[in-house]
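Quick notes on the structure that follows.
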Amino acid sequence: MRRYLLASLLMIAAGAGAQELNQVGFTGGKTVAFLTFRTDQDILIRLSEDGKLMEWGTASLYPSNNNPYPARLQAYPGRVEYYGNEYDSTLRGKVKSIGACNITYFPGSENAMKAGKVRSIGRSFVDYYEQYDNAAFRGKVKQAGLFSFNYYAAYEDEAIRGKLKSVGTTNIQYYSSFDDKNIRGKLKSIGSFSYTWYTQTDSRGYPGTLKSGAITQSISGVNYLLIM
C-alpha cells in the first residue's frame, strides 16, 4: 500500500511540473526577450513579457555546447488550431491549441487591460499586473504557473526601473546608472550567479560584451538564457 501511495505521489509531482515555466530569455543581458513554457509533448511556447504569444516549436536537434537553448525555435510540424469567428473579437484568429496543449486568453468583457493576453497554457495559468499597480510594470506578467514575477518600481534607479526583479525566490540584479555607461542596466546577477561585462577601461574585449558568466543558467527548474 505504501509503495502504491508513493508511486501515486511521484506521478502527481511529475504532472504538476508539466507545462510549467521553463525559460526566461534576456536580450543583450538587459531586457526580457521571452518566457517559455514546455508542454507534455516537449513543445516550447514563448510569451512576451506583456502576455502575447510569440512563437512555438522545438529546441534544435543539434544544440551548441555553448548555448543549448537557441534564440529561435524549430518549427512545430504538428496540429495547430485557432479561435474562429464565433468567439469574442479579442480571441478570433488567436492560437487555440498547439498539439495537445490548449491556450486560453482573457476576453475583452472581463478586464480591459488584460484583454487578449494569454490566460493559460495547458494547466499553467498566467496573470498580469493591473492599472492600479506601479506604472513601471503595469500590464506585465505577475504570475506564470507556480512562479511569481516582481519588477523594479518607477521610483528606483533609471537604469533598472521596470526590469525583472525576481522569478519566484530567484532574485535578479543589474548594474546601475552609476556604473560604466556600457554596462548600465545589464545583468549583474541571477540568484547566486554573477555576470561581468567589458567596460571602456578594459584593454581587451569590446565594451558592453560579456566578460564572464555563463549564457545559460538553470535555477530552481527555470533556465535563464542570455540572447547575445
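The values are calculated or read from the model by the stated rules, or taken from the named source; none is laboratory data. What you see is a predicted model, and the numbers here were worked out from it, not measured in a lab. Cβ sites come from the backbone with ideal geometry, for glycine too, and all protein chains shown count toward neighbours.
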* Structure fact -> With criteria (1) assigned to a loop (DSSP other than H, G, I, E, B); (2) small (Gly, Ala, Ser); (3) modelled with pLDDT of 95 or more, Ser97 comes up short on (1)
* Is it the case that the range 56-70 has a residue that's at pLDDT below 95 and closer than 21 Å to Tyr129 by Cβ? -> no
* Asked: Scanning the range 138-152 for residues that are free of Cβ contacts under 8 Å to residues at least 60 places away in the same chain and in a loop (DSSP other than H, G, I, E, B), which turns out farthest from Val118 (Cα to Cα)?
  -> Tyr152
* Hey, could you check the range 68-94 for residues that are closer than 29 Å to Ile215 by Cβ and either touching a Phe, Trp or Tyr at 6+ places or on another chain (Cβ under 8 Å) or basic (Lys, Arg) (or both) and say which is surrounded by the fewest Cβ atoms within 10 Å (Cβ to Cβ)? => Arg72
* To do: Working only within the range 122-137, note down all residues that are touching a residue at least 12 places away in the same chain (Cβ under 8 Å), assigned to a loop (DSSP other than H, G, I, E, B) and not hydrophobic (A, V, I, L, M, F, W, C).
  => Gly122, Arg123, Tyr129, Glu130, Gln131, Asn134
* Of the criteria (1) among the basic types (Lys, Arg); (2) at pLDDT 95 or above; (3) out of contact with any strand residue (DSSP E or B) (no Cβ under 8 Å at 6 or more places or on another chain), which one Arg123 fails -> (2)
* Asked: Would you pick out the residues in the range 110-126 that are under 23 Å from Glu81 (Cα atoms) and not hydrophobic (A, V, I, L, M, F, W, C)?
  -> Lys114, Gly116, Lys117, Arg119, Ser120, Gly122, Arg123, Ser124
* To do: Output the residue which, of all residues in the range 197-228 that are without any contact (Cβ under 8 Å) to a residue 40 or more places away in the chain and under 22 Å from the mean Cα position of the chain (by Cα), is nearest to Leu21 (Cα to Cα).
  => Ser218
* Asked: Can you name the residue in the range 153-205 that is assigned to a loop (DSSP other than H, G, I, E, B) and aliphatic (A, V, I, L, M) and is also farthest from Lys142 (Cα to Cα) among such residues?
  -> Ile183
* **Residues being more than 23 Å from Phe34 (Cα to Cα) and loosely packed, with under 15 Cβ neighbours inside 10 Å - total across the range 176-206** => 9
